[in-house]
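The values are calculated or read from the model by the stated rules, or taken from the named source; none is laboratory data. In this text, all values refer to a predicted model and were calculated from it rather than measured experimentally. Cβ coordinates were reconstructed from backbone atoms using ideal geometry, including for glycine residues, and neighbour counts include every protein chain displayed.
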């Protein structure tokens, strides 16, 4: 493949006729050295244009890796400018010799240009230099030493990626005798971060010296290390966006980055020889390597092994059964982990899900991973205790502890139940906890042994033995932790880019302090819904990624089709924070969808009313009437009756407290609306559409933008396995793209656009 065309440069900057004719514009030209125009033969020899001619001359010698010197022919005619003229006592200007060079378009090139200029003969009788101005086109200005001053100015302009860069200027003083004077200066442009693309040199229209001006350019450039050489026999180049995209999306194939006359290119196939160059004239130097990516290797291997997973991908616990048993089953069958959304459900409903999902672990030869959510219930500790009792009785071995403000005896009891030493003396904890946190103060408690106070309490209650309490001092409450960023539902709206490194640092401090036998693992959830965000999470060190809002929009979720369509229509700005039901009195908020529903505004109104009045009786009649008509649609007395019926079997203490405390009674009545709103949404109650509470983060909008115009734009086509495989595959492709960028290959923007694929198209790739 010939990638070394001969150039036909035209560097005349005038509005001239073809080169060789006199200038008609009374303007001097610009002499350019364009570093983006690269001409390199397969033998490594460089070609460069000589200004003023229509030809290219070959370098007399092959430059070394770190030193490139231009040697133009000393042909007087070759470099003579056609615009020679003399007017108004101005001296004749003639460029007698021009030395130029073009170099390979190395990203990260660092080049030093040496500009030398000479004058001869006496200009004592010439008029003094007049105001030459500071025209931007005047890049090189010269005044003879016998004139008023003797300063030459050179400005170098860099164009980086098509954008005008910083202008560098310098000045030098000429020295020597009146009959032979000149000067020399060095200018450095470019750096490892700002590659040089072009250098332009031009000169003023006014010069006051009698003899020709000579100048030339030489350059030294740092070049990338050569890893070996590649022969194109049986291989192909990828130079355009389409071919590069195809190359990087074939994640099982290794790629080479090679130097060609047209810049760096991706090489596939062929023959590669690593090490020193062999001198093969037809071989191309290898300057980079892109390894294949196995999707199953994304994330942390120990996390996958601990939970029996193939892929480091977790479907989050969406409350009220939205994180359904169907989702958990699909995740398990495809080597991923699903968490059932037990929060907000009665123990009987949770038990039904346990019985169903326990079948996933019935086969001793293929136990599939699954877990259940354990949400902190500060206002309903009896419910938290009942759920833990249920998990222990049903041998649920993994829970996701979410929304905890502090450790409770219940989550500690679950973690320590059955703790013992095996025959090798290793501490075994049958029950695993994945904590979901967004605050350091909470995370530090989960990444630490249980507090002595809670251990003592559990021993006194007979929940654990004294020996087990001793063993507990050597294990953390949570072996794994999800950094909960800007997610749907309970969230502190933390940016993942700052939260994940913070939690990773917490992990390192905990390991250094406690020296746990097993490594602590940190994943991230919230805001992950595109290949780029998934790749970023893995690149930052996440052991796994957790996806929530996007899974809710899939057909397996425990919500209705109307809500799925509302989620599919959402944009990133269509979410907001509003009071939650389980921690209403504390002012805790959750992130919900605001587009298509009035729930956020109405929930905020209830909390304002709760803060303004101490009892239902204090609410003004007009305001109470509005609440009963628009929100509750029944009398507040009827709401209290239903609330009493609900808590009489679940937690009678709440009713008793409400009868004693009017303010607590008001909170329970208002919580009725907040709790019902999520149930209306899940069931698709048509009369209550404006009251739907839909937990959702901005990741939903990003997902919709990514899938716009594809088959995944329709909610009916969104299945959890399809979404998961696309995110994992896309993350693998983005990983390869980032490797290319880090090695200096200019990757077209279109390459990073990774459209979703059908499940059957991805299955063989992802599961390979």
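Would you be able to say whether some residue in the stretch 591-600 is surrounded by 13 or more Cβ atoms within 10 Å (Cβ to Cβ) and more than 30 Å from residue 485 (Cβ to Cβ)? Lay out the reasoning, then the answer.
To start, the set of residues in the stretch 591-600 that are surrounded by 13 or more Cβ atoms within 10 Å (Cβ to Cβ) comprises 591-600.
If we keep only those that are more than 30 Å from residue 485 (Cβ to Cβ) too, we end up with none.
No, the stretch 591-600 has no match at all.
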Is at least one residue of the stretch 669-691 touching a residue at least 40 places away in the same chain (Cβ under 8 Å), more than 42 Å from the chain's Cα centre (by Cα) and within 24 Å of residue 346 (Cβ to Cβ)? yes
Could you please let me know if residue 308 is buried (at least 17 other Cβ atoms within 10 Å of the Cβ), in contact with a strand residue (DSSP E or B) (Cβ under 9 Å, 6 or more places away or on another chain) and assigned by TED's automatic domain parsing to the domain that holds residue 525? no
Next item on the list: Tell me, please, whether a residue that is over 28 Å from residue 594 (Cβ atoms), part of a helix (DSSP H, G or I) and in contact with a helix residue (DSSP H, G or I) (Cβ under 7 Å, 6 or more places away or on another chain) can be found in the stretch 667-689.
Entry: no
When the stretch 324-335 is checked residue by residue, the ones that are within 18 Å of residue 367 (Cβ to Cβ) and either part of a loop (DSSP other than H, G, I, E, B) or not assigned by TED's automatic domain parsing to the domain that holds residue 402 (or both) are 334, 335
Suppose the filter is in contact (Cβ under 8 Å) with a residue 24 or more places away in the chain, closer than 30 Å to residue 742 by Cβ, outside the structural domain of residue 481 (by TED's automatic domain parsing) and surrounded by fewer than 24 Cβ atoms within 10 Å (Cβ to Cβ); does residue 572 pass it? yes
(message) Being touching a helix residue (DSSP H, G or I) at 6+ places or on another chain (Cβ under 6 Å) and within 24 Å of residue 377 (Cα to Cα) is the requirement here; does residue 556 meet it?
(response) no
Conditions (1) at pLDDT 95 or above; (2) touching a helix residue (DSSP H, G or I) at 6+ places or on another chain (Cβ under 6 Å); (3) more than 19 Å from residue 632 (Cβ to Cβ) -> residue 593 fails only (2)
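One line per residue, one yes/no per condition, for (1) free of Cβ contacts under 8 Å to residues at least 12 places away in the same chain; (2) within 36 Å of the chain's Cα centre (by Cα); (3) surrounded by 18 or more Cβ atoms within 10 Å (Cβ to Cβ):
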{"site": "389", "(1), (2), (3)": "yes, no, no"}
{"site": "394", "(1), (2), (3)": "no, no, no"}
{"site": "423", "(1), (2), (3)": "yes, no, no"}
{"site": "442", "(1), (2), (3)": "no, yes, yes"}
{"site": "462", "(1), (2), (3)": "yes, no, no"}
(message) Given the condition more than 17 Å from residue 682 (Cα to Cα), in a strand (DSSP E or B) and modelled with pLDDT of 90 or more, answer yes or no: does some residue in the stretch 348-366 qualify?
(response) no
Scanning the stretch 641-666 for residues that are over 22 Å from residue 607 (Cα atoms) and not in a helix (DSSP H, G or I) gives 651
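Okay, residues lined up against (1) under 15 Å from the mean Cα position of the chain (by Cα); (2) more than 30 Å from residue 597 (Cα to Cα):
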residue	(1), (2)
702	yes, no
707	no, no
711	no, no
720	no, no
723	no, no
727	yes, no
737	yes, yes
744	no, yes
760	no, yes
Checking 697, 658 in turn, the sole residue that is within 30 Å of residue 571 (Cβ to Cβ), modelled with pLDDT under 95 and buried (at least 20 other Cβ atoms within 10 Å of the Cβ) turns out to be 697
Of 321, 338, 288, the only residue that is part of a loop (DSSP other than H, G, I, E, B), farther than 19 Å from residue 731 by Cα and in contact (Cβ under 8 Å) with a residue 24 or more places away in the chain is 321
- Is it true that some residue in the stretch 482-496 is surrounded by 13 or more Cβ atoms within 10 Å (Cβ to Cβ), at negative phi and assigned to a helix (DSSP H, G or I)? yes
Every listed condition ((1) closer than 28 Å to residue 583 by Cβ; (2) at pLDDT 95 or above; (3) within 38 Å of the chain's Cα centre (by Cα)) holds for residue 457 save (3)
Any residue in the stretch 399-411 that is under 24 Å from residue 580 (Cα atoms), modelled with pLDDT under 95, in a loop (DSSP other than H, G, I, E, B) and within 28 Å of the chain's Cα centre (by Cα)?
yes
Item checked: Filter pass, residue 305 being without any contact (Cβ under 8 Å) to a residue 60 or more places away in the chain, in a loop (DSSP other than H, G, I, E, B) and within 23 Å of residue 721 (Cβ to Cβ) -> no
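Go over the candidates 744, 730 one by one and state the one that is outside the structural domain of residue 383 (by TED's automatic domain parsing) and either more than 28 Å from residue 494 (Cα to Cα) or in contact with a strand residue (DSSP E or B) (Cβ under 9 Å, 6 or more places away or on another chain) (or both).
Selected residue: 744, the only one of 744, 730 that is outside the structural domain of residue 383 (by TED's automatic domain parsing) and either more than 28 Å from residue 494 (Cα to Cα) or in contact with a strand residue (DSSP E or B) (Cβ under 9 Å, 6 or more places away or on another chain) (or both).
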> Somewhere in the stretch 368-376, is a residue surrounded by fewer than 19 Cβ atoms within 10 Å (Cβ to Cβ) and either in contact with a helix residue (DSSP H, G or I) (Cβ under 7 Å, 6 or more places away or on another chain) or more than 22 Å from residue 327 (Cβ to Cβ) (or both)?
Replying inline: no
Per the list (1) more than 38 Å from the chain's Cα centre (by Cα); (2) at pLDDT 95 or above, residue check on residue 383 breaks on (2)
